[in-house]
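Read the structure below first, then the notes.
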Amino acid sequence: MAEIKVPELAESISEGTIAQWLKQPGDYVEQGEYLLELETDKVNVELTAEESGVLQEVLKDSGDTVQVGEIIGTITEGAGESSAPAPSESAASNEHTKEEAKAEPAAQEVSQEAQSEAKSRTVASPSARKLAREKGIDLSQIPTGDPLGRVRKQDVEAYEKPAAKPGAQPKQQQAPKTQQSFDKPVEVQKMSRRRQTIAKRLVEVQQTSAMLTTFNEVDMTAVMNLRKRRKDQFLEQNEVKLGFMSFFTKAVVAALKKYPLLNAEIQGDELIVKKFYDIGIAVAAEEGLVVPVVRDADRLTFAGIEKEIGDLAKKARNNKLTLGELQGGSFTITNGGTFGSLMSTPILNSPQVGILGMHKIQLRPVAIDAERSENRPMMYLALSYDHRIVDGKEAVGFLVTIKNLLEDPEQLLLEG
C-alpha cells in the first residue's frame, strides 16, 4: 500500500487546500496519472500517483486544508480484487477463530469510538462526504446503487433522514458565523486560499512599507502610430502581435538602469540592489490577481517580450502557472486600463519597492502651444514606491523617463 502525501512545494509554502479530487475511491490509476488538484497561496498544483494501483481511500475532502507531508489518501497495488487465502493461511485463520470464540463476551463489544471510525471508512466520493456533512447525514445509513458500494453525491441528495420521534427535541443547527446579521437575503461565500493570501499580503504591504504614489501622463500618439505602421510586418516576422506591453517593459528596464533603487528591496538594515531585470506582469485570473515574471527582460527583443507575456497570461487564465514562474521579480507592471480604469493607485508587490500602473488610453484636448490644442490619445501613469529607500526626486525622475521614452519610442532602441 502506498501513501499519498502532500509534497514539498516551495520554501514559503507549508500548506494548501484540496481544490478537487480527479480520481475517486475504487478508481484504478496509472503511475504519473493526476490524482487531485491542490490550491496553494500562489498556484494550483496537480499531484500525480507515484505508483499504479487502486485509489483505496481518500482521507481529506475537497475544501480541506492540508499540510506539507500530510497523508491524504492511499493506493493499493493491483486491480483492487482481493485474492483468496492460501490453504495454510485458511488453517491459521480457523485456529484464530477458535481462540476468538473462547474470548470473554466483553472483548466482543465494539466501542463507540471504533464504530465511529468504521462509519468514517464508508467509501464515498469527496463531494458526497461534503454534502453529507452539510446535511448532518450519517454516510453509513445511505443506500447506494453503485456496484462498488461507493456513496455518490446523488445518493446523498436523494436520501431523506428518518422522521424524528414524537416529543423528540430537534437538534438546533448553528447559523454560519458572520460579522453582521441581515434582515434581507445575503449569500455567504468562503474566500479561496488565493484570495485570502492576496488580502493578507496587501494589508501587510500597507503596514510595513511607507508607500507613496506619484502620477504623470503620457501622449501615446507616437507609439500608436508606430504600431499602426509596423503591426502587419511585425506579426508576419514574429508570429505575435505588437502590443503596448513590450514598449512599457522596455521603458521600465531603461528607467530602472537610470534609477537602480527602484530595482531593489530591503532586507533588515541592508539594501539589495538587483543587477537583473525580472519584470512581473500582473494578470487577472479567475481566482484573483497573479504576477508571473518575465525573466531577463533587458535581454529580450520586443517580440520576445510579447511572446513571453502572451504565454504567461494564457497559463494564468488556465491555472497552469508554476511556482517558478511566479517567484522572484524585481519590479512589477499592472494594466488597469484593460478594464477601463482611468486612474488608480497600485499597491506594491512586496518585497519589491516599485510598481507601475498603466491606465486607459483616452482622447483628451492637449495644448500644443499658446494658441493651438489637439485631441491626443493620453494615458495616466502611476508609480507607487516605498519611500523608505526611494525619495520623491528619484520617483518623479523615473516616471518622467518612462514618459519621455514612450513619447519618442525610437529611443528605446538606443537604450537597448
Can you spot a residue in region 19-41 that is at pLDDT below 85 and in a loop (DSSP other than H, G, I, E, B)? yes
Could you please let me know if Gly268 is farther than 30 Å from Ala19 by Cβ and crowded, with 16+ Cβ neighbours inside 10 Å? no
Name the residues in region 211-237 that are of a type in the set (S, T, N, Q) and either in a helix (DSSP H, G or I) or more than 19 Å from Asn375 (Cα to Cα) (or both), would you? Thr213, Thr214, Thr221, Asn225, Gln233, Gln237
Of these, Lys257, Lys228, Lys190, which one is of a type outside the set (A, V, I, L, M), open to solvent by 30 Å² or more (accessible area, probe 1.4 Å) and over 29 Å from Lys314 (Cα atoms)? Lys257
Any residue at all in region 351-361 that is touching a Ser or Thr at 6+ places or on another chain (Cβ under 8 Å) and either open to solvent by 20 Å² or more (accessible area, probe 1.4 Å) or over 25 Å from Leu261 (Cα atoms) (or both)? yes
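Could you check how many residues of region 308-321 are surrounded by fewer than 20 Cβ atoms within 10 Å (Cβ to Cβ) and of a type outside the set (Asp, Glu)?
Of the residues in region 308-321, 8 are surrounded by fewer than 20 Cβ atoms within 10 Å (Cβ to Cβ) and of a type outside the set (Asp, Glu).
Take the conditions open to solvent by 40 Å² or more (accessible area, probe 1.4 Å) and touching a Ser or Thr at 6+ places or on another chain (Cβ under 7 Å) and apply them to Ile347. Does it pass?
Considered against the rule, which asks whether it is open to solvent by 40 Å² or more (accessible area, probe 1.4 Å) and touching a Ser or Thr at 6+ places or on another chain (Cβ under 7 Å), Ile347 comes out as yes.
Please determine, by comparing only the residues of region 42-53 that are outside any strand (DSSP E or B) and charged (D, E, K, R), which one is surrounded by the most Cβ atoms within 10 Å (Cβ to Cβ).
My answer is Lys42.
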Give region 322-343 a look and list any residue that's more than 13 Å from Val294 (Cβ to Cβ) and surrounded by 19 or more Cβ atoms within 10 Å (Cβ to Cβ), or say none. Thr334, Asn335, Gly336, Gly337
Being open to solvent by 60 Å² or more (accessible area, probe 1.4 Å) and under 23 Å from Leu342 (Cβ atoms) is the filter here; which residues of region 381-415 pass it? Val396, Asn404, Glu407
Total residues in region 185-210, condition in a loop (DSSP other than H, G, I, E, B), under 26 Å from Ser344 (Cα atoms) and not hydrophobic (A, V, I, L, M, F, W, C): 2
Does region 357-364 contain any residue that is under 29 Å from Gly268 (Cβ atoms), hydrophobic (A, V, I, L, M, F, W, C) and not in a strand (DSSP E or B)? no
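The values are calculated or read from the model by the stated rules, or taken from the named source; none is laboratory data. What you see is a predicted model; the values in this text were computed from it and never measured. Cβ coordinates were reconstructed from backbone atoms using ideal geometry, including for glycine residues, and neighbour counts include every protein chain displayed. Surface accessibility is based on the protein's heavy atoms, side chains included, excluding ligands, DNA and RNA. Shrake-Rupley method; radii C 1.70, N 1.55, O 1.52, S 1.80 Å.
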